[in-house]
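*Asks:* Handing you a structure now.
The values are calculated or read from the model by the stated rules, or taken from the named source; none is laboratory data. What you see is a predicted model, and the numbers here were worked out from it, not measured in a lab. As a convention, Cβ positions derive from the backbone with ideal geometry for all residues, glycine included, and neighbour counts pool all protein chains shown.
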Amino acid sequence: MLLSRRLFVLSSASGLHNYHSVVSEGSAVATSQTSAAPLPYDQLPGDWKKGLSGLYHLWKKGGFNNIHHIMAENYQRFGPIYRESLGTYDSVYIQYPEDAATLFLVEGTYPERLRVQPWYEYRDYRNKKYGVLLKSGEEWRCQRLILNKEVLSVAGMNRFLPLLDNVGQDFVRRVYTQVERSGRGKWTADLTNDLFRFALESVSYVIYGQRLGLLQDYINLESQEFIDSVTVMFNTTSPMLYLPPRLLRLINSSIWKNHVKAWDSIFIHADRCIQSIYGSLRQHSDNTYSGVLSSLLLQDKLPLEDIKASITELMAGGVDTTSMTLQWAMYELARAPIVQEKLRSEILAARAASGNDLETLLKRIPLVKAAVKETLRLHPVAISLQRYTQRDTVIHNYIIPKGTLVQVGLYAMGRNPDIFPFPERFSPERWLGEESTHFKALSFGFGPRQCVGRRIAEMEMHLFLIHILENFKIETNRMVDVGTTFNLILYPSRPIQLTLSPLSVNSSERHF
């Protein structure tokens, strides 16, 4: 029997962890397929022998912004596993959930994912500390465990739920204001910037315990500069994934200069917020939760510079990623009005049963949670999930040596009809059936190196959709398809125009 099938029998994370221990101790080589003799690494299909010429052809085809589609095409050409060399990276690409499960077994005690070299180069250039996102080894593990208690544990989640709910309510008020100003009884707009502001307000409130006022009509220039800088940082990172950033630094290229300027702005904004909290910490006397930063400072378990580095990374990663997913979710719901009505009915029933108890409310909305998973299946923030193998393994009947960079093609997996029947269809119900979903929802990663801001992002999105669907009908031109373009994360290829129409004209029936 295949190891991957045995993995799927284990229905809990603890069961999978125990199986991991058994395999690690009892076998020198893990395998996702034992029915035939494994083939050597150099027999993997793919264009991996092209090297730099492959990178040149990718550039000529404009592939840097289209690499997710090219990856999907490669799976069609080569099958479920292939090898490719692009610039400084030599990778093995997989897409089946059972193969991802095998990769999980060999990620090791200190998992390593793709090193985003431009981010390291910037920090070395400015002599700044690495945050937990960029750290490795035992130092990473120790600091990650401390952060997990703050932002991934149930206790941590329950502390910041009211903060996220408060920002969601204010966004609803902002939409009602825009509806009234329009004079048409509805608001039609490209919500990109509004959602960016919402995401930054949310993550800042959780981290700092203070509101920045980003949902007002006019925001301060520093906050808008931060939002713009995050976008520039992502856009300039993408082309430097395959070209040595040190070379671009030596020739003082515009890409490198813009990248440095963007990170400088991000660190300045974060440092300003951190210094404000640090300075007022001694004045805090009650037991009111005042954010992740204050909690970490009071614990005094991490050096201040390490806290600042990790907090800055958490902020930078929590703006574009969450806001873009929410935009895609609203787009899909606008194109699927039947699904939208099902979600609304679930939310109203959950609200009636739970009242103002947020924990209970979130336990009663499985379809809303499934809608977020379905959005991330169709529009993953990252197009792949990466790990370096910590020991020799066999994946899809090929020997993969220790130290190999293996990438799970999330975009391709989500569009594969063999994995998701009718993949073009937005169907949240597919996550609620009896069919196994193990290692199919990987947008936040897996294992101890999964996204550290996962719970913040999930709760933020769930509460946002609750508030929006309680109050508004979402519409768009269903005849217009919006494609995707890659700039480290997936963006819409054109602006998405959404229309929000109040469900009731009676102000007393608004849900806040």
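*Asks:* Give the residues of region 192-233 that are farther than 21 Å from Ile489 by Cβ and part of a helix (DSSP H, G or I), sorted by residue number.
*Replies:* Matches in region 192-233: Tyr205, Tyr208, Leu221, Glu222.
*Asks:* Return yes when Glu84 is modelled with pLDDT under 95, crowded, with 18+ Cβ neighbours inside 10 Å and not polar (S, T, N, Q) and no when it is not.
*Replies:* Considered against the rule, which asks whether it is modelled with pLDDT under 95, crowded, with 18+ Cβ neighbours inside 10 Å and not polar (S, T, N, Q), Glu84 comes out as yes.
Yes or no, residue by residue, for (1) free of Cβ contacts under 8 Å to residues at least 12 places away in the same chain; (2) among the polar types (S, T, N, Q); (3) in contact with a strand residue (DSSP E or B) (Cβ under 9 Å, 6 or more places away or on another chain); (4) farther than 25 Å from Gln76 by Cβ:
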site	(1), (2), (3), (4)
Arg377	no, no, no, no
Val381	no, no, yes, no
His396	no, no, yes, no
Phe422	yes, no, no, no
His438	no, no, no, no
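*Asks:* Scan (1) surrounded by fewer than 16 Cβ atoms within 10 Å (Cβ to Cβ); (2) β-branched (Val, Ile, Thr); (3) in contact (Cβ under 8 Å) with a residue 60 or more places away in the chain for the single condition Thr177 breaks and write down its number.
*Replies:* Among (1) surrounded by fewer than 16 Cβ atoms within 10 Å (Cβ to Cβ); (2) β-branched (Val, Ile, Thr); (3) in contact (Cβ under 8 Å) with a residue 60 or more places away in the chain, Thr177 violates only (3).
*Asks:* How do the helices (runs of 4 or more DSSP H) wholly within region 324-435 filter down when requiring 2 or more residues that are of a type in the set (A, V, I, L, M, F, W, C) and within 27 Å of Val106 (Cα to Cα): which remain?
*Replies:* 410-414
*Asks:* Give the residue, chosen from Ala382, Ala334, Ala349, that is buried (at least 18 other Cβ atoms within 10 Å of the Cβ), farther than 27 Å from Tyr93 by Cβ and not basic (Lys, Arg).
*Replies:* Ala334
*Asks:* Continuing with the same structure: So Glu201 ticks every box in (1) within 14 Å of Leu164 (Cα to Cα); (2) of a type in the set (Asp, Glu); (3) over 19 Å from the mean Cα position of the chain (by Cα) but one. Which box is left unticked?
*Replies:* The number of the failed condition is (3).
*Asks:* Please verify whether region 302-323 includes one or more residues that are in a loop (DSSP other than H, G, I, E, B) and modelled with pLDDT of 90 or more.
*Replies:* yes
*Asks:* Further, regarding this structure: Tell me which residues, restricted to region 176-186, are touching a strand residue (DSSP E or B) at 6+ places or on another chain (Cβ under 6 Å) and either outside any loop (DSSP other than H, G, I, E, B) or not assigned by TED's automatic domain parsing to the domain that holds Gln497 (or both).
*Replies:* Gln178, Val179
*Asks:* Got a sec? Which of Asp320, Asp300 is touching a residue at least 40 places away in the same chain (Cβ under 8 Å) and of a type in the set (Asp, Glu)?
*Replies:* Asp320
*Asks:* With Pro401, Pro502, Pro492, Pro428 as the choices, which residue is loosely packed, with under 14 Cβ neighbours inside 10 Å, in contact (Cβ under 8 Å) with a residue 24 or more places away in the chain and more than 18 Å from Ser384 (Cβ to Cβ)?
*Replies:* Testing whether each residue is loosely packed, with under 14 Cβ neighbours inside 10 Å, in contact (Cβ under 8 Å) with a residue 24 or more places away in the chain and more than 18 Å from Ser384 (Cβ to Cβ) leaves just Pro401.
*Asks:* Looking at Phe104, Phe78, which one is more than 21 Å from Leu488 (Cβ to Cβ) and within 24 Å of the chain's Cα centre (by Cα)?
*Replies:* Phe104
*Asks:* Looking at region 468-489, which of its residues are of a type outside the set (S, T, N, Q), in a strand (DSSP E or B) and modelled with pLDDT of 90 or more?
*Replies:* Within region 468-489, Phe472, Lys473, Ile474, Glu475 qualify.
*Asks:* Filter region 78-125 for residues that are among the β-branched types (Val, Ile, Thr) and assigned to a loop (DSSP other than H, G, I, E, B); which is farthest from Ile419 (Cα to Cα)?
*Replies:* Thr88
Rundown of residues vs (1) closer than 18 Å to Phe486 by Cα; (2) modelled with pLDDT under 90; (3) not in a helix (DSSP H, G or I), yes/no style:
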| residue | (1), (2), (3) |
| --- | --- |
| Asn235 | yes, yes, no |
| Ile255 | yes, no, no |
| Val260 | no, no, no |
| Ser265 | no, no, no |
| His269 | no, yes, no |
| Arg272 | no, yes, no |
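*Asks:* A further question follows. Output the number of the condition that Ala189 fails; it satisfies all remaining conditions of (1) modelled with pLDDT of 95 or more; (2) part of a loop (DSSP other than H, G, I, E, B).
*Replies:* (2)
*Asks:* I would also like to ask the following. Is there a residue being surrounded by 15 or more Cβ atoms within 10 Å (Cβ to Cβ), at pLDDT 95 or above and charged (D, E, K, R) anywhere in region 149-163?
*Replies:* Taking every residue of region 149-163 in turn, none turns out to be surrounded by 15 or more Cβ atoms within 10 Å (Cβ to Cβ), at pLDDT 95 or above and charged (D, E, K, R).
*Asks:* Still on this structure, I have one more. Just one of Lys149, Lys128 is under 22 Å from Tyr208 (Cβ atoms) and either of a type in the set (Val, Ile, Thr) or in a loop (DSSP other than H, G, I, E, B) (or both); which is it?
*Replies:* Just a single option satisfies the conditions, and that option is Lys128.
*Asks:* Quick check, is Glu509 surrounded by fewer than 16 Cβ atoms within 10 Å (Cβ to Cβ), acidic (Asp, Glu), modelled with pLDDT under 95 and under 30 Å from Val92 (Cβ atoms)?
*Replies:* No; evaluated as a whole, the condition is false for this residue.
*Asks:* Going through region 108-141 one residue at a time, which ones are loosely packed, with under 15 Cβ neighbours inside 10 Å and under 18 Å from Leu304 (Cβ atoms)?
*Replies:* Across region 108-141, the qualifying residues are Arg126, Asn127, Glu139.
*Asks:* Determine whether region 436-457 contains at least one residue that is buried (at least 19 other Cβ atoms within 10 Å of the Cβ) and of a type in the set (Ser, Thr, Tyr).
*Replies:* The answer is yes; a qualifying residue exists.
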